[in-house]
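Derivation of every value follows stated rules applied to the coordinates shown; laboratory data play no part. Not measured: the values here are computed from a predicted model. Glycine also receives a Cβ, built like all others from the backbone with ideal geometry; neighbour counts cover every protein chain displayed.
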Amino acid sequence: MLRQLQCSASVRFFLPPDIMNVVANPVCKQSVRWRRKPPGTPLAKSKLFRIPPRPQVPEEERIELFRLTTNYNTFIKSVREFLREEVQSAAGKEQLADAVSMDDDLIRCKEINDKWNAEVALIREKRLLHEKEEKLNLISKRLEERKIRERNRVAEINELVRMEKEKEKYYITSENIDEAIENALRGEVDYNFAIDVKGNIYKGEVAEENLEKKAVETV
């Protein structure tokens, strides 16, 4: 199968004349041949029923080829095994070095961590001591406020008791109920009152009589 690569005519048209002679060379036209038959191509008809002859190898040549092949396989196997052992030993050494370096890193990290823990513990102790002092001050302040509230409450209760004791003199009991009834009957209370045009207030029944007299005089 051939592939032909040809120069485009439009490219030739735009090239100058001195280059046209070079471009017109048959080098611009090349053939590309497949190295093998493309995949998927069926078997040729001329080779459809052809049976290739079996090669006839002499016995001495066959033995020599077997010996060479065996030696080659043995050598290749030995080289592979040697390379495998070298790689494994190198990997083991690297792993050992990595393990040692990892142990050193862990020890160094532990030292740094212990240092940080000590610093954090010192800061925590200071903070807890400060919080304890603040809490004690707050508790003492609340206790003092509570004492003040209790004293004020006791003072208010004492004042109420004193006022009730003073009012007790005017209480009506079974002993002075008769006297209270007589005083109530004798002491009449008149809630009537009147207001004139000028805003004067006249209390009691006398207010009506005075207003009536004034009304008659004005008329």
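Would you say Glu133 is surrounded by 10 or more Cβ atoms within 10 Å (Cβ to Cβ), assigned to a helix (DSSP H, G or I) and of a type in the set (Asp, Glu)? It is true that Glu133 is surrounded by 10 or more Cβ atoms within 10 Å (Cβ to Cβ), assigned to a helix (DSSP H, G or I) and of a type in the set (Asp, Glu). The condition of being in contact (Cβ under 8 Å) with a residue 24 or more places away in the chain and not hydroxyl-bearing (Ser, Thr, Tyr) holds for only one of Pro38, Pro55, Pro42, that being Pro38.
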